[in-house]
Amino acid sequence: MKRLILLLLALLLTCTACKANEHTAFLQDADGYGCTDTETGVHYTALPLYFEPAKVGGIRGVYTEKGSEYTLTYYEIPTLDPLLYLGDSERGVWCATQTLPTPEALTPTALLVCEEQAVSVEIYRFSAGTDDAAIAEILTLWFEGEATEKPEGARSFTRRIKLQSAELPNIYYCFDYCMWGESAYFYEIFSGRTVAVPDALAERFVEK
């Protein structure tokens with residue numbers, strides 16, 4: 001009986017290992033900012049962390065760190081060519097094109113205003129065709145407004161703004177609307193860019 005149990009355990013471990021290895025292996029560059037699909041040979045570069053996949057599809061492959069339990073799963077992004085773009089299990093985006101997208105060049109289809117806690121919850125949105133003036137006002141200030149110093153201390157209020165575009169469907173470009181006390185700012189944590197938001201525009205971010 002004991003031998004039977006050991007054989008069953010061995011079989012279970014073998015099946016688990018096979019299942020873990022059924023996906024294509026990915027290799028990561030030494031600096032962690034690039035990866036290669038060993039099946040197709042396509043090399044991807046990590047986009048800045050202000051990009052995130054809106055949603056992901058099937059698994060494309062898995063990176064397993066040697067000598068560690070750490071793994072990173074790569075996913076296809078619906079409607080985008082997986083030979084050009086992939087998402088990952090840490091909400092990152094990887095790009096294989098030679099020309100990386102710039103946020104300023106994107107054509108907005110919507111701006112989503114979200115609450116980011118354990119999950120992302122859309123509170124409301126500004127939609128192209130209906131809210132064009134508001135979208136233009138927000139993005140013009142963010143991209144072209146004068147940068148300022150980020151206030152000290154903790155933020156009293158934060159909403160994540162997600163730009164949905166025609167060029168990158170199912171990939172968001174993200175920045176934040178924040179308040180420090182009574183003052184409002186647009187802020188992007190990875191670049192540190194901070195732009196003061198005037199009261200008239202800040203009123204648009206009062207919860208609807």
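The values are calculated or read from the model by the stated rules, or taken from the named source; none is laboratory data. Owing to the predicted nature of the structure, the values given are computational and were not obtained by experimental measurement. Please note: Cβ atoms are built from the backbone with ideal geometry, for glycine as well, and neighbour counts cover all protein chains shown. Just so you know, the surface numbers come from the protein's heavy atoms only, side chains and all, with ligands and any DNA or RNA stripped out. Shrake-Rupley method; radii C 1.70, N 1.55, O 1.52, S 1.80 Å.
So the values come out like this:
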item	result
Efficiency of FRET between E65 and F190 - r from beta-carbon atoms, R0 22 angstrom, step 0.05	0.45
Angle in degrees between helix 132-144 and the longest Cα principal axis of the chain, rounded to the nearest 10	80
Calculated on alpha-carbon atoms, Rg and Dmax of the chain in Å	21.4, 77
The range 15-89 - percent of accessible surface contributed by carbon and sulfur, probe 1.4 Å	53
Given 14 as the ceiling on other Cβ atoms within 10 Å, longest exposed-site-free region of the chain for GluC sites (Glu not before Pro) in DSSP loops	91-145
Euclidean distance of C-alpha centroids, the range 126-154 and the range 67-100, integer Å	28
Fully extended contour minus Cα-Cα distance, from Q28 to T107, at 0.36 nm per residue	25.3 nm
Where the chain is the region considered: accessible area per residue in Å², 1.4 Å probe	58
Kirkwood Rh and Cα Rg combined as Rg/Rh, the range 21-84	0.94
Loop-resident sites, the range 118-208, for chymotrypsin sites (Phe, Trp or Tyr not before Pro), counting at most 11 other Cβ within 10 Å (DSSP)	F190
Value of Rg/Rh across the range 96-208 [Cα atoms, Kirkwood radius]	0.95
Computed label-point distance, nm, for sites S156 and L84 using a 7 Å Cα→Cβ extension	4.5
Lys/Arg +1, Asp/Glu -1 at C-beta; the chain dipole; positive extreme among T99, Y172, H23	H23
In the chain, lysine pairs with alpha-carbon atoms under 23 angstrom apart (chain gap of 8 or more, or interchain)	4
Relative contact order computed over the chain (Cα-Cα under 8 Å; 6+ residues apart), in percent	16
Heavy-atom accessible area ranking, 1.4 Å probe, most first, across V42, V93, V119	V119, V42, V93
